[in-house]
Ligand SMILES: Cc1cc2nc3c(=O)[nH]c(=O)nc-3n(C[C@H](O)[C@H](O)[C@H](O)COP(=O)(O)OP(=O)(O)OC[C@H]3O[C@@H](n4cnc5c(N)ncnc54)[C@H](O)[C@@H]3O)c2cc1C
């Protein structure tokens, strides 16, 4: 059996952030498990045409690893993947690749985690602490549509793009109008006949993307202070966006008006405009950024089916409206399992699995530690996502908390259930009047079992950093040191 101080599961942004933060606190004995053949997470798995971030590139990266050569305001997916590979190489982070965590259980007799691995390095790791950095938009959600399996042509999810399929001139149906579809559809429309199934339209605001010229990139490279100032400005702009996303009446009205003006300017046809106009509060679903989506629809190159895909009868796709559409290829832009994370089934704490503990929705203290799961940390999990700013900021804050907590520990860290309950009540109170919960839409931030906001942090990044800084150890039960267990 292999021994390690910490096992980190996942080689995406969160996993790398964890390793760097742990090392900064002098914790070097860390094994990173990654089930895939390379690191990158989201940015390895999502290779659909048009994939890019929707947070400015210079903010969507690690604070200590600025990158002067982003090609534009919003980096392409392949650039972000390369950035993660480069960062791991620079930091000499070498995950165990092709090695899934099969399961992990808390061994109460030894006060250690037993992490069972498969794939390239089957076996068991005996670790003092376990960090789950398995992602939140990682497991594609395939909708339960009657007859889906009868579709005879190629069918794939946006996060599993099949680059072997020839799309030139093909009739391609896309299901879903979330963040991936809005990036994909304009690209697809250049080469295919696209039918787009829209259950609910999104609020879409201008993206204002532009390339960074070689001169600009050189200036960023030559002057780190310039990059730092830019990052600070982008951070402040992001934080200012929180008001419109979270339901501040004036800010939301202004943002809504800007989104409607964008729609009006890009879609002259009033009927199409009506179909693309959301009927729920601004911010309730993730607000999307695009300058290309509406023009693609207005051009007539994309046929909008303004209702959900209801059934599939071979090549015929039947919409909830009753309309029938023929397709050669079916693309599922249907999002991810966000509220019920498959990794939760794999982890057993003192009395039950994480999935059982979360049977009414994810809960935690500090969005990171969970009662009944000693020395366990979850990154980018419960209430750690954002709709207004870069998620990397949140992961870095969490990673800092993990490292500081582990470095300062004098025994096993057991979260006081009262601390978790109080934190959960804080979240519920902060969320109650926000559009995410009360905005009249269905979104992936809210757990469908409890109606609680379990994905999104209902505050600014500043507020999250403050909240974690305030956690000074009394969230854990008093330690009784027992000889032979450390
Ligand atoms: C298309 C797309 C665009 C996005 N754009 C943005 C954006 O612009 N801004 C933003 O802030 N966020 C964006 N996001 C959210 C994005 O997921 C996060 O920003 C971030 O990349 C998540 O990093 P992560 O490390 O938490 O998870 P992931 O990147 O999903 O990495 C998790 C890793 O864990 C591995 N793993 C999971 N289970 C196991 C297991 N049992 N054993 C071993 N390994 C395992 C996975 O293989 C994966 O590599 C986007 C998401 C998508 C899907």
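The values are calculated or read from the model by the stated rules, or taken from the named source; none is laboratory data. Please read these numbers as outputs of a predicted model, since none were measured by experiment. When we count neighbours, we look across all protein chains shown, and the Cβ atoms used for this are built from the backbone with ideal geometry, even at glycine.
Looking at region 51-78, which of its residues are within 10 Å of the ligand (Cβ to nearest atom) and under 30 Å from residue 155 (Cβ atoms)? Selection gives 51, 52, 53, 54, 74, 75, 77.
Pairing residues of region 37-59 that are not assigned by TED's automatic domain parsing to the domain that holds residue 73 with residues that are more than 8 Å from the ligand (Cβ to nearest atom), at Cβ distances under 8 Å and at least 6 apart in sequence or on separate chains, gives no pairs at all. Restricted to strands (runs of 3 or more DSSP E) entirely inside region 314-395, those with at least 2 residues that are touching a strand residue (DSSP E or B) at 6+ places or on another chain (Cβ under 8 Å) and crowded, with 22+ Cβ neighbours inside 10 Å are 329-332, 376-378. Suppose the filter is outside any loop (DSSP other than H, G, I, E, B) and touching a residue at least 60 places away in the same chain (Cβ under 8 Å); does residue 412 pass it? Answer is no for this residue. In the condition set (1) in contact (Cβ under 8 Å) with a residue 60 or more places away in the chain; (2) touching a helix residue (DSSP H, G or I) at 6+ places or on another chain (Cβ under 7 Å); (3) surrounded by 20 or more Cβ atoms within 10 Å (Cβ to Cβ), residue 66 is compliant with all but (3). For region 276-294, the condition of being more than 27 Å from the chain's Cα centre (by Cα) and surrounded by 14 or more Cβ atoms within 10 Å (Cβ to Cβ) holds for none of the residues. Looking at residue 280, is it within 16 Å of residue 205 (Cβ to Cβ), in a loop (DSSP other than H, G, I, E, B), touching a residue at least 12 places away in the same chain (Cβ under 8 Å) and not assigned by TED's automatic domain parsing to the domain that holds residue 116? Considered against the rule, which asks whether it is within 16 Å of residue 205 (Cβ to Cβ), in a loop (DSSP other than H, G, I, E, B), touching a residue at least 12 places away in the same chain (Cβ under 8 Å) and not assigned by TED's automatic domain parsing to the domain that holds residue 116, residue 280 comes out as yes. For region 115-142, the tally of residues that are out of contact with any strand residue (DSSP E or B) (no Cβ under 8 Å at 6 or more places or on another chain) and within 11 Å of the ligand (Cβ to nearest atom) stands at 2. A count restricted to region 283-313 and to residues that are more than 16 Å from the ligand (Cβ to nearest atom), over 18 Å from residue 142 (Cα atoms) and not in a loop (DSSP other than H, G, I, E, B) stands at 9.
Against the test of being surrounded by 18 or more Cβ atoms within 10 Å (Cβ to Cβ), under 25 Å from residue 334 (Cβ atoms) and within 16 Å of the ligand (Cβ to nearest atom), the options 187, 241, 207, 160 yield a single qualifying residue, 207.
Among the residues of region 18-47, those identified as crowded, with 21+ Cβ neighbours inside 10 Å, over 15 Å from the mean Cα position of the chain (by Cα), within 8 Å of the ligand (Cβ to nearest atom) and closer than 28 Å to residue 74 by Cβ are 34, 39. Here is the figure for region 323-370: residues that are touching a residue at least 24 places away in the same chain (Cβ under 8 Å), more than 27 Å from residue 472 (Cα to Cα) and away from the ligand (no atom under 16 Å from the Cβ) total 8. Report yes if residue 2 is within 16 Å of the chain's Cα centre (by Cα) and more than 9 Å from the ligand (Cβ to nearest atom), otherwise no. Answer is no for this residue.
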